[in-house]
Amino acid sequence: MKPVSYVLKEKIWIIPAVYSVAAILLSLATFYADLYLVERFIDRIPSIFLTKVAGGQTILGILTAAMLTMTTFTFSTVLVVLTMYTSQFSPRAPENFIQSATTRHVLGIFVGGFIFNMLSLLYMQEDVFDHEVLSTTAGILIVFFCIATFAYYIHFVASNVQVSTLTNKLTADAEQVIAQYLDLYEQKHVSEENWQARNPEETVKATRAGYIQFIDLSRLMELAEENDGAIEVIVKIGDYVYEGKPVFHLYSEQKMDLPFTDYITIGDERTADQDLGYAIQKITEVAVRATSPGRQDPNTAKDILVRLGHLLGEMSHLKTDGLVLTDERGHNRLLYRFESYSDILYKTFYQISYHSKKDVSVHSSMTDALIVTAALAPELRYDTIWKIQLYLLEAINDGELKSLDRDFLQKKVDELADITGHESVLLQKMK
């Protein structure tokens, strides 16, 4: 089962619903305060905060209409931004905007403000109150707060339509996923080579079709330890599974109770909460869109590639040959296989390489990205990084490289060769 923080991000309506409930409770509280407390303490309340029922009805009617207009405009702004994200950046980018905490809280504040003023207007009846009321002042203060929130939201939207802001957010999401796995490594772990393969006692199968969105690896390890057994995860987060596809192999002499939906979540779309490949894909798609014939924005692609190089360098420390978690006694409890590091590098660059065959600036930036990757990576990744560099050079038509372009790219290739301990190649000989 996903943690509450993941559910709150996916279910966009939850935060506005909480604000709506809070607005209903606050409107009831102000109603009863007007009904039972205001008349008792009316001498102590400054008259400027009190209004007659008729005047309060007029003011609250205006505030309710204003809040409805502001809420409608905000929803329209969200739709415009989502459309722009889809057309300019990536079809996978809008979820970063709509799932942001700011967007959800702003929508909640506006909906809550509208509900409060509407209910306060409903409660304000001349046959109920024979004295001045305080609800109107509360409604005005809430509208002031909503206006301040609206001003902040305009600034937020203006900042988020910039590609640099989106790239920063996508990079932060990927770094967060990497950090989660590195934290998991703080538990004892060994290589897949130490996993003793044997016939599983039981196989757990998928209960529905869809993408693997979340696997609770920590709880699976605890379950295996409690039953003195072991669990092998035979799918990867981000894989598409069909109903009945094997997902877990269980190794235990005693019956291991593993409720499927308590440890794994399957959905209709991929999410970047645990899916590192998808997090990288979303960044790559922005770079691909920047190098497409319709846009031709190589500088954006160059900026993204440098960030990708840093992420790939951090990813190089993950045990992509298979992560085996062990307990305190050194017994193997859980096996989870990541995607191989060579496949991760290939999927990061192959589309960008195809769309920028004739742009030496993008190719040099891809080499810069690999230089950053190699500088952060352990030595065991050097051969894989250099192999990807040779693959990228194959996409260049040497006959179209001018002399200065060739010299510029040659220096970067030589630098990467020096870092990885390989013999450099002469671009003049590449065909």
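The values are calculated or read from the model by the stated rules, or taken from the named source; none is laboratory data. Computed from a predicted model, the values in this text were never measured in an experiment. Methodologically, a virtual Cβ is constructed for each residue, glycine included, from the backbone with ideal geometry; neighbour enumeration extends over all protein chains shown. Quick note on the areas: whole protein, heavy atoms, side chains included, nothing else; ligands and nucleic acids left out. Shrake-Rupley method; radii C 1.70, N 1.55, O 1.52, S 1.80 Å.
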Practice problem: Find which of Gln125, Ile142, Ala174 sits farthest along the positive direction of the dipole of region 82-183, computed with +1 on the beta-carbon of Lys and Arg, -1 on that of Asp and Glu, about the Cα centre. | Solution: Ala174
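Could you sort Asp359, Asp327 by accessible area so the largest value comes first, with the probe set to 1.4 Å? Write out the running numbers ahead of the final one.
Values: Asp359 40, Asp327 5 Å².
Result, largest first: Asp359, Asp327.
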Self-check item: Cα centroid separation, region 372-394 to region 26-44 (Å)
Solution: 71
Quiz prompt | Exposure ranking of Lys357, Lys282 by accessible area [1.4 Å probe, largest first] | solution = Lys357, Lys282
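Carbon and sulfur together cover what percent of the accessible area of the chain at a 1.4 Å probe radius? The partial results should precede the final answer.
Numbers: 12080 of 21280 Å².
For the chain, the apolar C and S fraction of the accessible surface comes to 57 percent.
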Exercise. Measure up Lys169/Lys411; Lys302/Lys402; Lys245/Lys347; Lys319/Lys358; Lys169/Lys245; Lys11/Lys302 against 28 Å on the Cα-Cα distance and list the ones that go over.
Key: Lys169/Lys411; Lys319/Lys358; Lys169/Lys245; Lys11/Lys302
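Determine the per residue accessible area of the chain with all protein chains present and a 1.4 angstrom probe, expressed in square angstrom.
Details: 21280 Å² over 431 residues.
On a per-residue basis, 49 Å².
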Exercise. Using Cα positions and a limit of under 13 Å, work out the aspartates and glutamates in reach of Lys387, with same-chain residues fewer than 8 apart set aside.
Key: Asp343, Glu423
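Explain nothing, just the number: relative contact order of region 1-125, from Cα pairs under 8 Å at least 6 residues apart, as a whole percent.
On the way: 88 pairs, mean separation 64.5, N = 125.
Relative contact order for region 1-125 comes out at 52 percent.
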Quiz item: When Lys and Arg each count +1 and Asp and Glu each count -1, what net charge do the other residues less than 12 Å away from Pro378, Cβ to Cβ, add up to?
Solution: -1
Self-check item: Cα centre as origin, Lys/Arg/Asp/Glu Cβ charges: region 105-235 dipole, Debye
Solution: 580
Practice problem: Using the Cα centre as the reference, give the magnitude of the dipole from point charges on the C-beta atoms of the chain (Lys, Arg: +1; Asp, Glu: -1; all else neutral), rounded to the nearest 20 debye. | Solution: 1220
Quiz prompt | Mean separation of Cα contacts under 8 Å (6+ apart) over length of region 251-401, as relative contact order % | solution = 24
Quiz prompt | Matching label, Rg and Dmax of the Cα atoms in Å computed from the structure shown, candidates [x] 28.9, 95; [y] 21.0, 62; [z] 24.9, 106 | solution = [x]
Self-check item: Cα-based reach from Lys357 at 13 Å (exclusive), listing aspartates and glutamates while leaving out same-chain residues under 8 positions away
Solution: Glu394, Asp398, Glu400
Quiz item: Among the DSSP beta bridges whose two residues both lie in region 222-359, what percent are antiparallel, rounded to the nearest 5?
Solution: 75
Practice problem: Give the relative contact order (percent, whole number) for the chain; include only Cα pairs under 8 Å separated by 6+ residues. | Solution: 15
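How large, in Å, is region 1-110 by the Kirkwood hydrodynamic radius built from its alpha-carbon pairs?
Details: mean 1/r = 0.0581 Å⁻¹.
Across region 1-110, the inverse of the average 1/r is 17.2 Å.
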Self-check item: Principal axis box of region 220-331, alpha-carbon based, largest edge first, Å
Solution: 61, 33, 18
Quiz item: Once fully extended, how much extra length lies between Leu35 and His317, figured as 0.36 nm per residue of separation less the alpha-carbon to alpha-carbon distance?
Solution: 95.0 nm
Practice problem: Bin all alpha-carbon pair distances of region 262-406 at 10 Å intervals from 0 and give each bin's fraction as a whole percent. | Solution: 10, 36, 31, 15, 6, 2, 0
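Add +1 for every Lys or Arg and -1 for every Asp or Glu among the other residues with Cβ under 15 Å from the Cβ of Glu132, and state the total. Please report the intermediate quantities before stating the final value.
Numbers: positive: Arg40, Arg44, Lys52; negative: Asp34, Glu39, Asp43, Glu126, Asp130.
So the environment of Glu132 carries a net charge of -2.
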